[in-house]
Structure formats: C-alpha cells, structure tokens
Amino acid sequence: MASPASSPPPPPVFPPAPVTASIHASTARLKQNRALPDSMVLLRRQEKQLHDELQDLLYAQEEALRAASMGTDDADLSGSVTPTVRSLADKARSPDRQPTRSNIGVRGVRKAIRSAMRQLATVKSDEARLLDHDRSGNSSVIQKLSGWADQRQGLENQIREIEQGDEGAKTAALRQEADVLDGEIQELEEKLRGMKARHRRLLSDIAEIENSVQSKLSSYKASLSILDADINAFLRTSSARDRQTSEAPFFKIHPKRRTLNMARDHWEDEQASIEKQRQETETEREALQQGAVMWNDVVHRITEFEKHIAEATRHQTASADPTAEAKDLIAHLVETINYIESQLELAEDRGWKLLVACIGAELNALHEGRRMLEAMLQAAGEISPTIEREKLLGDVEVEFQPSSLANSQTLQQNRDLDGVAAAKQMPARQARHDYHSTDEDEPDPELLISHQDTDDEHLG
C-alpha cells in the first residue's frame, strides 16, 4: 500500500476528447446544409446515440484507470468504482455532461468501446446502402434524359437536311423559271400554246416535289411533337425526392420554363453530390474497422502484461530475489509502453482522434505504473533497468530521486527485509489474483486480425 504521505497521482496526460471530434468535418457540414430523408435521419440519430455512448465510455475509462493507478482499495479492474471515488470524479466533470452509464471496470469499458465501434461501423454500412439506392435512381433518370436529348438532336438534323437539301433548291429554281415563262407568255402571244403546255408540266413537277417533301417532313415533325410532349410532361411532373432537393434552383423554376438541358444539369449535380457522400461514408467505415483492429491489439498487449504482473504477484513470496523480479516487470512494462506509443503515433498520423484518446488514456496509466515501480526500486536502494541504461549511455539524467515516499517510516522498515514487503508495494491493479481467470478476457474472434493482414488488404 502507498504511504499516507504520498502525493496523489498527476492528472492524465491525454484527457478523453469529445467523440464527435473523430467525425470528419465533411459529415458535419452535410448535417448542417442538407435536409435528409426519414431513413437517413434515423441513421443520424443512431450515430449520435453511439457517439454519446462512446463519450460516456471515455469518461468511465478515465475514472477506472485513474482509480487503478492510485493503488487504493477503491478500484477493482473487473468490477466498479466505489461511491466515494465515483462522486469525486463526477464533481470534476461538467454538470452539462453527466454519463448515465452504470459504473464499470477497465475491462468492461474496453469491451464496451469495442462494441460501440462495431455498431457505429454497422450504421455507416446502412447509410452507404441508402446512398447507393439514391445513386441508382438518379442514374436511370440521367440515362433517360440523355437518350431523349440524342433522339431530339437526330430528328432536328434530319429536318434541317431535308429543308436545305437539293429538293428545296430545285423547287426554288423551278419557281423562278415558271415566273419568267409566265411573263413571256404575256409578251409572246404566238408562242402561247407551247409555252402553256410547258408551264403546265413545270407546275406539275413542282407539285410532285412539294408533296414528296411534305410527306417526309410530316413524319419527322410528328415524332418531334410526341417527343416534346413527353419531355414537357416529365419537366412539369418531376418532383424532388427530399426536402433538400426541393430547394434546388431547378425545382424553383416554373414547370413551363424548365428545359431538357436544365433538368440534365440538375440531376448530374445531384448524382455528383451523392457520389461524394458515398466516398466519405466509405472512408469513415474503413477507418472505424481498422481502428477496431488496432484497439484490439493494444488491449491484448496490455492484458498480457497485466497477466504477467498477476503471475508475479502470486509467486512473490516464493521468489528468491524480489528486486530482480521487479526489474523484470519494469523491463516488460517498458516494452509494452514502447509498443503502445508506436500504435499511438500511427493513430495520430492517420487522424483517428477517437483511438488517440483511448490509447492515450491506457498509455498514461502504464507510465504511472512505471513511475511507481521505479520509485519502489529506489526506495529499496536499487536503480531500475531503464534508468541504469540511461545513466550508462549518458543521454538522460535519472528521473526519479529519493522523495518523501522513499523516506517514509514504512519504507525505512522494509529496506532490510528480503523483498516481500517491496512486492506488496505493487499497485492495487496487480493484486487481483483471479483478474484474468475467466474466459471473458479473451478477445473477440472477429477482431483477431494481425496488422500485416490489414495492411495487405489496404494495399490491395
């Protein structure tokens, strides 16, 4: 047990950050600027509820780790925090944000965080399916509009070719010639008979050509009229699929003033917006899945170290050299800290703020345990392996100097003993013999994925 004169542990280096900070800024903007359908609103509410639950779990994790690092009897890693410690932790928290979750231990918090992260990934998968459905509907509309535009362009080209073709030029020439001949008839009375006959033939040819042209034009004009009717009916009856889409400029225009090009531009913009949301949702889902794997690896590494501490505590009375055993614990602790720090740097590089907060809290608790173990070795007249190595290299000065803890009456009486009392100075977190005796401590089989497998899939 720690001396009554010992000072309380320092505050955590990494206080739990709000879970909402882990969501990309793009998602926040979509919530502010985009009115969603009912199904999407339901998913947003589920996502917010999971965020609130994760925030409560972060506070519970902070309290459980702080209680465990203080080395008092008020903390139990597999149980709950006593009312005294819990009430002090609640007073230090903002009154506007008091968690409603019941008191749970470190192990329960870790499992709850992992479960919440999976549920959040499931919500993101449902959101992706809704966006895929909207994208499919817009694709069919765009395809139909493009087909109509191509069909109309072809009909207009055919009409223009017929009107400006050889038949039109020939008709104009014949008309001009007929007019000239009509004047000559008046002038040349003698040639009237022959000229009238020729005139009748010319008029007959003109009528035949005109009838042929009108016959061709009538079919194309009828098709164009039907197509225009279909387009106008679509433009007048098309409606927005949700409240946000109804605010688009296209739907604010009077139906009689809408055009085919305006409709195609609107639905292409809508399709691009949905595609962007789909990509952002997929990015968040992948980040949550990879973060769950990393968190499981970190928890597994910490659990293995805690098992090692529990095993050393059970055999401390039979140990011939408690000091050497304490040095071995420090060496394992330093190795665990180095691994977790590497995972913390990786999470920071990828911008996973939720995972940074969770790993930071665990890392702070491990640093506190290391300081307590090294202080115990100094009280027994020994130097920890890490400090001894730093002194030999000449890089870092000794961090822990004799303090009031080392000069206390309890430690002075225990310096001449065989090390059994020194082993009792271990934090209360390690004194739980049956802490890892149940099957509940095993990681979820779905998360037993190595980093190598995850990296290979990401690169593929």
(message) Being without any contact (Cβ under 8 Å) to a residue 24 or more places away in the chain and out of contact with any Gly (no Cβ under 8 Å at 6 or more places or on another chain) is true for just one of Glu161, Glu210, Glu167, Glu177. Which residue is that?
(response) Glu161
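Yes or no, residue by residue, for (1) modelled with pLDDT under 90; (2) more than 27 Å from the chain's Cα centre (by Cα); (3) more than 30 Å from Ser239 (Cβ to Cβ):
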| site | (1), (2), (3) |
| --- | --- |
| Asn261 | yes, yes, no |
| Glu270 | yes, no, no |
| Gln279 | no, no, no |
| Gln289 | no, no, yes |
| Ala292 | no, no, yes |
| Asp297 | no, no, yes |
| Arg301 | no, no, yes |
| Lys307 | no, yes, yes |
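I want to confirm something. Restricting to segment 204-236 and keeping residues that are among the basic types (Lys, Arg) and surrounded by 12 or more Cβ atoms within 10 Å (Cβ to Cβ), which single residue is nearest to Gly154 (Cα to Cα)?
Filtering first and then ranking leaves Lys221.
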(request) Go through segment 185-195 and give me each residue that's within 23 Å of Ala172 (Cα to Cα) and surrounded by 13 or more Cβ atoms within 10 Å (Cβ to Cβ). (result) Ile185, Met195
(message) If I go through segment 141-178 residue by residue, how many of them are part of a helix (DSSP H, G or I), of a type in the set (Gly, Ala, Ser) and over 13 Å from Arg264 (Cβ atoms)?
(response) 6
(message) Which numbered condition in (1) assigned to a helix (DSSP H, G or I); (2) of a type outside the set (Lys, Arg); (3) without any contact (Cβ under 8 Å) to a residue 24 or more places away in the chain is the only one that Glu189 fails?
(response) (1)
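The rows are residues; the columns are (1) of a type in the set (Val, Ile, Thr); (2) at pLDDT 85 or above.
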| site | (1), (2) |
| --- | --- |
| Ser146 | no, yes |
| Gln151 | no, yes |
| Leu155 | no, yes |
| Glu163 | no, no |
| Gly168 | no, no |
| Gln176 | no, yes |
| Asp179 | no, yes |
| Ile185 | yes, no |
(message) Out of Leu58, Leu42, I need the residue that is surrounded by 19 or more Cβ atoms within 10 Å (Cβ to Cβ) and at pLDDT 85 or above. Which one?
(response) Leu58
(request) Can you run down the residue pairs with Cβ atoms below 9 Å, 6 or more apart or on separate chains, where the first is in segment 113-128 and more than 20 Å from Asp56 (Cβ to Cβ) and the partner is among the acidic types (Asp, Glu) and in a helix (DSSP H, G or I)? (result) Lys124/Glu47; Lys124/Glu282; Lys124/Glu284; Glu127/Glu47; Ala128/Glu282
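The values are calculated or read from the model by the stated rules, or taken from the named source; none is laboratory data. Predicted, not measured: the structure shown is a model, and the values here were computed from it. Note: ideal-geometry Cβ built from the backbone for every residue, glycine included; neighbour counts use all protein chains shown.
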